[in-house]
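A.B. asks: After the structure tokens below, expect a handful of questions from me.
The values are calculated or read from the model by the stated rules, or taken from the named source; none is laboratory data. Quantities reported herein were computed from a predicted structural model and do not represent experimental measurements. Heads up, the Cβs are rebuilt from the backbone with ideal geometry, glycines too, and the neighbour counts pull from every protein chain shown.
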Amino acid sequence: MRKFLVVLDDSRECLNAMRFAAMRAAHTGGGVAILSVIPPDEFNHWIGVGDIMREEARERIHAHFEVFAKWMRDKQGIDPELVIREGEPVAEIIEQVREDPEIGVLVLGAGTDKKGPGPLVTQMTRSAGSLPIPITIVPGDLSKEKLEAIT
């Protein structure tokens, strides 16, 4: 089964990327893998404090994932899988794509800020030529109706 890989982070544009991935998966008989990357700099503290912060980050990720997963199951009939990795986001995304041969498309949400589409989209488009899969970039301000029309 082909899976759409979508990145779960704290950005607003993440929501449209999740919607797009779920709708495309539902319409094409695919699946959704949701990847959340915990940056290593979040844990540069005392060992015990770092472990507590790591666990809190994982709990936060699971809570956000459950919100998206419930919507995907209820509205699109898709049961997403959650993958949590630790490291630099771009490197971990590339590694996840290489490790999971079922991933067929990387879906990213583009920010609507005047500064550009966001650091993740900027960095991943630089690496696009070396990825074994295409990247779909979903505008962060695309309406639900437009998303439904194009998926």
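A.B. asks: Could you say whether any residue in the stretch 29-52 is farther than 28 Å from ASP113 by Cα, exposed (fewer than 13 other Cβ atoms within 10 Å of the Cβ) and at pLDDT 95 or above?
C.D. replies: Yes: the stretch 29-52 contains one or more residues that are farther than 28 Å from ASP113 by Cα, exposed (fewer than 13 other Cβ atoms within 10 Å of the Cβ) and at pLDDT 95 or above.
A.B. asks: Related question: In the stretch 70-102, what residues are surrounded by 15 or more Cβ atoms within 10 Å (Cβ to Cβ), closer than 18 Å to SER130 by Cα and among the hydrophobic types (A, V, I, L, M, F, W, C)?
C.D. replies: VAL90, ILE93, ILE94, VAL97
A.B. asks: Only one residue in LYS75, LYS70, LYS115, LYS144 is within 20 Å of ARG24 (Cα to Cα) and modelled with pLDDT under 90. Which one?
C.D. replies: LYS144
A.B. asks: I've got another one for you. Identify all residues within the stretch 54-66 that are exposed (fewer than 13 other Cβ atoms within 10 Å of the Cβ) and either within 15 Å of the chain's Cα centre (by Cα) or on the phi > 0 side of the Ramachandran plot (or both); write none if there are none.
C.D. replies: Result: ALA63, GLU66.
A.B. asks: Same structure, new question: Looking for whichever is within 23 Å of LYS3 (Cα to Cα) and hydroxyl-bearing (Ser, Thr, Tyr) here; the options are THR122, THR112. Which one fits?
C.D. replies: Only one candidate qualifies: THR122.
A.B. asks: Right, another one. Out of the residues in the stretch 106-151 meeting the condition of being surrounded by 19 or more Cβ atoms within 10 Å (Cβ to Cβ) and under 19 Å from VAL83 (Cα atoms), tell me which one is farthest from the chain's Cα centre (by Cα).
C.D. replies: Here the residue is MET124.
A.B. asks: Scan the stretch 114-149 for residues that are outside any loop (DSSP other than H, G, I, E, B), without any contact (Cβ under 8 Å) to a residue 40 or more places away in the chain and either farther than 22 Å from PRO39 by Cα or not small (Gly, Ala, Ser) (or both) and report the count. Before you say what the answer is, go through the steps one by one.
C.D. replies: Keep residues of the stretch 114-149 that are outside any loop (DSSP other than H, G, I, E, B), which gives 119-130, 135-139, 144-149.
Still in the list and also without any contact (Cβ under 8 Å) to a residue 40 or more places away in the chain: 119, 121-130, 135, 137, 145-146, 149.
Subset that is either farther than 22 Å from PRO39 by Cα or not small (Gly, Ala, Ser) (or both): 119, 121-126, 129-130, 135, 137, 145-146, 149.
So the answer is 14.
A.B. asks: Assess whether GLU95 counts as being modelled with pLDDT of 90 or more and out of contact with any His (no Cβ under 8 Å at 6 or more places or on another chain).
C.D. replies: Taking the combined requirement at face value, the residue satisfies it.
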